[in-house]
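The values are calculated or read from the model by the stated rules, or taken from the named source; none is laboratory data. Treat the numbers as computed from the prediction; the structure is a model and nothing was measured. Quick reminder, even Gly has a Cβ in these numbers, built from the backbone with ideal geometry, and neighbours come from all protein chains shown.
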Amino acid sequence: MKKLLTIISLIVMSLGGYAQRGGAPNWISIAAKGGYGNSIFFCKQASDLEGYDKDVMAPSYCFGGRLGVVFIDKVGVSLEYLGSNYESKYDYNNNVLTLSGNMKMKAGDFLALFRYTGEYGFYCELGPKFTSVKEVTREFETQVGKASAPGIEEPVTNDFKGKFTSVVFGFGFMPYNGDRVQVSLGLRAAYCNKNILETQGNIFGLDGMATIQNVEIKPFSAQVMLEVNYHFARFGTATCGKQKIIFFK
């Protein structure tokens, strides 16, 4: 929360500074957006096990909205909130037992991004993503020879940290770039280089099959993002000389 307040304060101060110098932002917009792609929970300790294999195409998706300000020099800031779902699928086979597992995480993501928009609608963005974990479940099925055990689904939310921060980078273009409405299509990647596990338990459900010590999980996701953006106001100068928000009719 302290990080979030600090970022919001810096953005507000930067807007105030631009207004005082007469270089006020020229667009204020809101957007609805969604994304779909893949996610991976990187774990070196598990990857080092012989017989362990992770699926790099486990799905991830998100939906939410954005509030943005674009400055005269085409550099802007935006605040986003996304409801997100991440998965990480994996398999393990030690020639006796076979396990197929999937980790599912539901989270709320808050992003504070700097964005540059070029002449022809190209954009790139960079900034932090603050994730609040809502729920994590583990699903897995085991098989001994030709005999399969019933599938298991169990909550493991308490094994993960409640919050973690990732670095986000994205780029894209605008297939539709109107005066007030824009449609953007792009790619976005996020990576957390810190361990998001709270405990050191055998989080992959490999009990009795393999022992993993000092487990660390570092999440990565890459998504195709679709955004519909609407410019609803701008900063302007009132008759008294003060800056004010002017809403479009």
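Assorted remarks:
- Which listed residue, of 24, 107, 19, is over 25 Å from residue 122 (Cβ atoms), at pLDDT below 90 and either crowded, with 21+ Cβ neighbours inside 10 Å or of a type in the set (Gly, Ala, Ser) (or both): 19
- Against the conditions (1) more than 15 Å from residue 140 (Cβ to Cβ); (2) buried (at least 21 other Cβ atoms within 10 Å of the Cβ); (3) in contact with a Lys or Arg (Cβ under 9 Å, 6 or more places away or on another chain), residue 69 satisfies every one except (3).
- Some residue of segment 116-135 being of a type in the set (A, V, I, L, M), part of a strand (DSSP E or B) and modelled with pLDDT under 90: no
- In segment 187-221, residue modelled with the highest pLDDT [restricted to those that are assigned to a loop (DSSP other than H, G, I, E, B) and of a type in the set (Ser, Thr, Tyr)]: 199
- Scan of segment 32-56 for residues that are surrounded by fewer than 19 Cβ atoms within 10 Å (Cβ to Cβ), in contact with a Lys or Arg (Cβ under 7 Å, 6 or more places away or on another chain) and of a type in the set (A, V, I, L, M, F, W, C), ordered by number: 42
- Residue pairs meeting the criteria (Cβ under 6 Å; at least 6 apart or on separate chains; first loosely packed, with under 14 Cβ neighbours inside 10 Å, in segment 115-143; second part of a strand (DSSP E or B) and small (Gly, Ala, Ser)): 132/108
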